[in-house]
Amino acid sequence: MELLVLIICLGLLVGLVVRNKGDNTMDTLSKGCGCMTTFIILLILITLLAIWFTTNPESFNETFST
């Protein structure tokens, strides 16, 4: 339960940074959770790519060679 409250509070805090003037609490929370979700998905993708290129260095060289 505490984890859910923490996630909602973090979403609200992130939403306060990206909100528009005149947004209500639900708009702010929605924008915050959307930004956090996007950040987490990008972080997972970057981590997976880093692991892939670390374990398969030949694919990294083929992909980024000039």
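Each value in this text was obtained by applying a stated rule to the coordinates, not by laboratory testing. The structure displayed is predicted, hence computed values, not measured ones. Every residue, glycine as well, gets a Cβ built from its backbone with ideal geometry; the counts of neighbours run over all protein chains shown.
Let's test the formula: R0 of 30 Å, r as the Cβ-Cβ distance of ILE51 and LEU16. What FRET efficiency results, to the nearest 0.05? It would help to have the intermediate numbers written out before the result.
Values: r = 34 Å, r/R0 = 1.13.
Plugging the Cβ-Cβ distance into 1/(1 + (r/R0)^6) gives 0.35.
When each of GLU62, GLU2 is scored by the number of other beta-carbon atoms lying within 10 Å, the sequence from fewest to most is GLU2, GLU62. Placing a pseudo-label 7 Å from each Cα along the Cα-to-Cβ vector at ILE8 and GLU58 gives an inter-label distance of 5.3 nm.
Screening the chain for DSSP H helices whose Cα atoms reach 27 Å or more along their own axis and whose mean Kyte hydropathy is at least 0.5 gives 25-55.
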